[in-house]
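The values are calculated or read from the model by the stated rules, or taken from the named source; none is laboratory data. Values in this document were obtained by computation on a predicted structure and should not be read as measured data. Neighbour counts run over all protein chains shown; Cβ positions are idealised from the backbone, glycine included. Ligands, DNA and RNA are excluded from the accessible area calculation, which covers all protein heavy atoms including side chains. Shrake-Rupley method; radii C 1.70, N 1.55, O 1.52, S 1.80 Å.
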Amino acid sequence: AFGESGGVLPMPEPVTEVGPDVVAFWNGTWIAAWGVGILVWFLILWAVFAYRRRSDDEVPTQFRYHVPLEILYTVVPILMVAAIFGKTVEVQNTLLERQDDPDVVVNVAGKKWSWDFNYLNEDVHVSGLQANDLNKGEEGLPETLPTMVLPVDSRVEFVLTPRDVIHSFWVPQFLQKLDMVPGRVNIFQVTTTEEGVFQGKCAELCGAYHSEMLFQVEVVSQGEYETFIE
């Protein structure tokens, strides 16, 4: 189970440097959405009761148009959408920002239905089992899953390439994911901030055993990472 990072709705506890920015944006959009919703509900109820028909002989006042009001409900939504779009672009640019000379570079190769993790600078490779009946319908079995080991407080670059069809690399607690598209190399970076074992999965339907295309990320101290590499 994920920890809750607080806010309007629960989110996975972020374990990367940029994760709190995503949580803040998530909470902000929900607060804005609830504010708009409450205002719209209030206006609907106000109009229903204030302008209701009070007798069989009375017809409420009819308006063909109201220019100031029409300008208001046209301009305000445009400004709101523009603000959300601008913030989305800002957060997305932060998520995809790349620094020169990251501490670790991992080529993540998705395949039906497992993962390979190739540490490009260290010439170290972790290969996941590709058997169709890997878990034979049983829950758990984390020891069968490929595990990516990363050092804490380090900048990590993921170079994403599929071996067959479209997959999607997703560690929920990174609060970030990116598709793996045949014929294309997608790249993103994260800075790890917390030690621990975090679950990962494919987030793009890729075939019969998509649900079993799981992996683990273990974030450890620099010393433990160097031992793993050796």
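A few points about this structure:
- Note on the chain: lysine pairs with Cα distance below 27 Å, sequence gap of 8 or more or different chains, count 9.
- Normalised contact order of the chain, rounded percent, pairs of Cα under 8 Å and 6 or more residues apart: 21 percent
- A dipole drawn for the chain from +1 and -1 charges on Cβ atoms has a positive end, and of H167, S55, Q92 the residue lying farthest that way is S55.
- Furthest towards positive pole of dipole, L120, N27, L79, structure part the chain, Cβ charges: L79
- For region 185-230, the fraction of 1.4 Å probe accessible surface lying on carbon and sulfur atoms is 47 percent.
- Taking V22, V67, V171 in turn, the Gaussian network model of the chain (Cα-Cα springs below 10 Å) assigns the largest fluctuation to V67.
- Here the sum of -39500 (n - 2.57) over DSSP H runs of 4 or more residues, divided by the residues of the chain, equals -10500 deg cm²/dmol at 222 nm, to the nearest 500.
- R0 of 22 Å, Cβ-Cβ distance T227-T193: FRET efficiency to nearest 0.05: 0.55
- J(HN,Hα) series, region 43-58, from Karplus relation 6.51 cos²θ - 1.76 cosθ + 1.60, nearest Hz, glycine and proline x: 5, 4, 5, 4, 5, 4, 7, 6, 10, 6, 6, 8, 7, 5, 8, 10
- Dipole magnitude of region 1-130 about its Cα centre (Cβ charges: Lys, Arg +1; Asp, Glu -1), debye to nearest 20: 940 debye
- Averaged over residues, the count of other Cβ atoms within 10 Å places the peptides 28-35, 49-56, 215-222 in the sequence 215-222, 28-35, 49-56, highest first.
- Put a plus charge on the Cβ of each Lys and Arg, a minus charge on the Cβ of each Asp and Glu, and nothing anywhere else: the dipole of the chain about its Cα centre is then about 1480 debye.
- Close amide H pairs (under 5 Å, H built 1.01 Å from N) link L96 with no residue at least 5 positions away or on another chain.
- When the surface is traced with a 1.4 Å probe over the full set of protein chains, W26 keeps roughly 80 Å² accessible.
- Here's how it looks for S154: its modeled amide H is under 5 Å from those of T192, which are all 5 or more places away or on a different chain.
- Accessible carbon and sulfur surface of region 1-120 relative to its total accessible area, %, 1.4 Å: 65 percent
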